[in-house]
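Accompanying notes for the structure given below.
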Amino acid sequence: MGQMVDFTMEREGLVKEGDKVELKEDQALTMSGMMYYYTIKPAVAMSSNLKKPLKALTGTVVKVEPQVSIYMVTVEIDEE
């Protein structure tokens, strides 16, 4: 089982469970050091900051949950 990463999505239906997705990695230097954040291409949803980079930039959507004003998307990252 690969690493699970949560993403926030603002509009319904952009991805669904079972979809294969590609990610874009970005970095930000913060007071806590270098942080990594990811976007489901093409700008569908964004992760929170992670302390370590992911091993792969592809994964599978395993869950899409409606929240108050967003959708929480859980992606299982492919293991290389």
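The values are calculated or read from the model by the stated rules, or taken from the named source; none is laboratory data. Predicted model, so just to flag it, every value in this text is computed and none were measured. Methodologically, a virtual Cβ is constructed for each residue, glycine included, from the backbone with ideal geometry; neighbour enumeration extends over all protein chains shown. Areas reflect the complete protein model, heavy atoms only, side chains present, ligands, DNA and RNA absent. Shrake-Rupley method; radii C 1.70, N 1.55, O 1.52, S 1.80 Å.
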Filter Lys16/Lys51; Lys16/Lys41; Lys20/Lys52 down to the pairs with a C-alpha to C-alpha distance above 19 Å, please. Lys16/Lys51; Lys20/Lys52
Mean separation of Cα contacts under 8 Å (at least 6 apart) over the residue count of the chain, i.e. the relative contact order in percent, is 41
Probe 1.4 Å, accessible area per residue of the chain, Å²: 68
Fully extended, how many nm does the chain gain between Gln27 and Lys63 (0.36 nm per residue separation, minus their Cα-Cα distance)? 10.4 nm
Share of accessible surface on carbon and sulfur in the chain, whole %, 1.4 Å probe and ligands ignored, is 51
Give me, ordered by chain and number, the residues 5 or more places off Asp19 or on other chains with an amide H under 5 Å from its own placed amide H. Val61
Scattering from the C-alpha atoms of the chain alone, worked out with Debye: what is log10 I(q)/I(0) at q = 0.16, 0.24 1/Å? -0.55, -1.13
Can you tell me the FRET efficiency between Lys51 and Met4 if r is taken as the Cβ-Cβ distance and R0 is 22 Å, rounded to the nearest 0.05? 0.90
Cβ-Cβ FRET estimate between Thr39 and Glu17, R0 fixed at 22 Å, reported to 0.05: 0.70
Along the charge dipole of the chain, Cβ charges K/R +1 and D/E -1, which of Val68, Ser47, Val21 sits furthest on the positive end? Ser47
How big is the charge dipole of the chain about its Cα centre, in debye rounded to the nearest 20, if each Lys and Arg gets +1 on its Cβ and each Asp and Glu gets -1 on its Cβ? 180
